[in-house]
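Following: one structure in structure tokens, then a few remarks.
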Amino acid sequence: DANDPQRRFVNALYHRSLSLFESVYVIAEKGFMAESRILSRSLLELTFVLVAALKDKTFPEKYASGIAASETKLLNQSLPHLTQYLPQEKLEKLKKQQRGLQPASKGINPNKVEPISILAGLHDRYDTAYRALCRSTHVGPHDLDQYLVLDQQRRITGFQYGPSSDHFEMSMFISADTMMLILRSVCPYNNIDAIQEWMQLAGELTKLGKA
């Protein structure tokens, strides 16, 4: 049923995952490795949400309620700070929107990723790949090495910026593995028999990882 909320939600997320996966490759190919890892993290986070939605038909509604509550809070907190930047007409429109907001049930907090990964049965990926990719998103010290010029004693002698291929394989492998998980989950849901193709791709990915 195309009007089923779960099916609409899952398939919309699937199409977004295709865009994210391609973006990871395009950006990595140009040498923007930290940015590529940030997108890899976004793809993995999307996967948690998608798989959780597949496991529980009520998840999309709960997730939507959580987003509504989050956006209500954001608007309430942001409006006082926007007065100096927005024209009066837009401010009045936002204030009208604020007055029309109904108290939303909290639902599932979209900003709390770990509980969603647990609902999806993917907490192991949260504790491994997701945490590793968070170093780039939250500007961890390890992610700043590529911008430093070091001498033989590893003392900082300057700074640099430009394309890099550091950790290219890690970013692409995590994203490819994540995309495989998405395909493995979505195809059966949509009655697409692609198990042979999936197994072949999984085998090739395993070979690539060991190469």
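Values as computed for the structure displayed
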item	result
The range 1-87 - Rg over Rh from alpha carbon coordinates, Kirkwood radius	1.11
Spatially close lysines, pair count over the chain: Cα under 19 Å, gap of eight or more or interchain	11
Semi-axis lengths (Å, descending) of the ellipsoid that matches the C-alpha gyration tensor of the range 126-211	37, 14, 10
For the chain, calculated [θ]222 nm from helices alone, where every DSSP H run of n ≥ 4 adds -39500 (n - 2.57)	-22000 deg cm²/dmol
For the chain: Kirkwood Rh in Å [reciprocal of mean 1/r, alpha carbons]	19.9
Convex hull per residue volume in Å³, alpha carbons only, for the range 149-189	95
Cα gyration tensor category, rounded, prolate or oblate, for the range 41-165 with a/c compared to 1.5	oblate
Chain lengthening between L86 and S165 when straightened (0.36 nm per residue, less Cα-Cα)	24.3 nm
Amide proton proximity set for F32, modelled H, under 5 Å, gap of 5+	S164
FRET efficiency estimate (nearest 0.05) - Cβ-Cβ, N3 to Y25, R0 41 angstrom	0.75
Peptide ranges 196-203, 159-166, 179-186 listed from the most packed, as the mean C-beta count within 10 angstrom indicates	179-186, 196-203, 159-166
Under-5 Å amide H pairs with L148, H placed in peptide plane, nonlocal only	Q160
Lys/Arg +1, Asp/Glu -1 at C-beta; the chain dipole; positive extreme among F32, M170, F9	F9
Extent along principal axes [Cα atoms of the range 46-94; Å; largest to smallest]	46, 17, 16
Dipole magnitude (debye, nearest 20) for the chain, charges at Cβ of Lys, Arg, Asp, Glu	780
Average accessible surface area per residue within the range 83-211, 1.4 Å rolling probe, Å²	73
Length-normalised contact order of the chain in % [C-alpha pairs under 8 Å, at least 6 apart]	28
Extension gain from K207 to K93, taking 0.36 nm per residue of separation minus the Cα-Cα distance	35.4 nm
Estimated vicinal HN-Hα couplings, Hz - the range 111-118 in sequence order (Karplus 6.51, -1.76, 1.60; Gly, Pro = x)	8, 9, 6, 4, x, 5, 5, 5
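The values are calculated or read from the model by the stated rules, or taken from the named source; none is laboratory data. On a predicted model such as this, the values are computed, not experimentally measured, just so you know. For neighbour counting, all protein chains shown are included, and Cβ atoms are generated from backbone atoms with ideal geometry for every residue, glycine included. Calculation scope for accessible area: heavy atoms of the full protein, side chains included, ligands and nucleic acids excluded. Shrake-Rupley method; radii C 1.70, N 1.55, O 1.52, S 1.80 Å.
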